[in-house]
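To start, the structure itself, in structure tokens.
The values are calculated or read from the model by the stated rules, or taken from the named source; none is laboratory data. This is a predicted model, so every value here is computed, not measured. All Cβ positions, even for glycine, are placed from backbone atoms using ideal geometry, and neighbour counts span all protein chains on display.
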């Protein structure tokens with residue numbers, strides 16, 4: 001809206017007031033309308049998508065807000081998630097979560113429906129020696145512990 005090179009020493013009084021008003025409107029609206037010759041370092045607010053930009057003398061460049069200023073410091077969704085400490089599970093659909101590693105601690109119970117599927121035939125420990133599964137189904141047989149290292153099968 002305003003030409004930020006004006007007013008000058010030779011500007012007439014009637015134009016001077018209008019030019020100063022235009023500059024004031026630019027500042028109050030954070031350059032809602034495109035200015036002419038904005039000063040280097042001027043800050044503009046884009047309304048869609050909402051973001052701040054700074055004039056570098058040639059073009060407007062995005063200004064990234066630090067986390068302490070209410071931003072994320074990232075220029076992409078992935079960078080924002082990283083800055084906020086949101087891992088890959090933060091972007092998974094609730095009905096299709098892929099857990100590919102790690103350790104679950106502090107779990108006092110687990111209820112599930114369905115099957116536990118092993119990828120290969122192997123020996124798997126379920127529980128500790130002191131607290132073990134009391135019954136389990138393996139392939140087509142029922143295995144019931146009846147003593148230390150003794151099992152009954154059907």
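Worth pointing out:
- Any pair with Cβ under 6 angstrom, 6 or more apart, that starts in the stretch 70-94 at a residue that is on the phi > 0 side of the Ramachandran plot and ends at one that is assigned to a helix (DSSP H, G or I): 73/67; 73/83
- Any hit, the stretch 12-30, residues being touching a strand residue (DSSP E or B) at 6+ places or on another chain (Cβ under 9 Å) and within 30 Å of residue 81 (Cβ to Cβ): yes
- Conditions (1) at pLDDT 85 or above; (2) on the phi > 0 side of the Ramachandran plot: number failed by residue 102: (1)
- Within the stretch 114-137, considering residues that are outside any loop (DSSP other than H, G, I, E, B) and over 40 Å from the mean Cα position of the chain (by Cα), the one modelled with the highest pLDDT: 132
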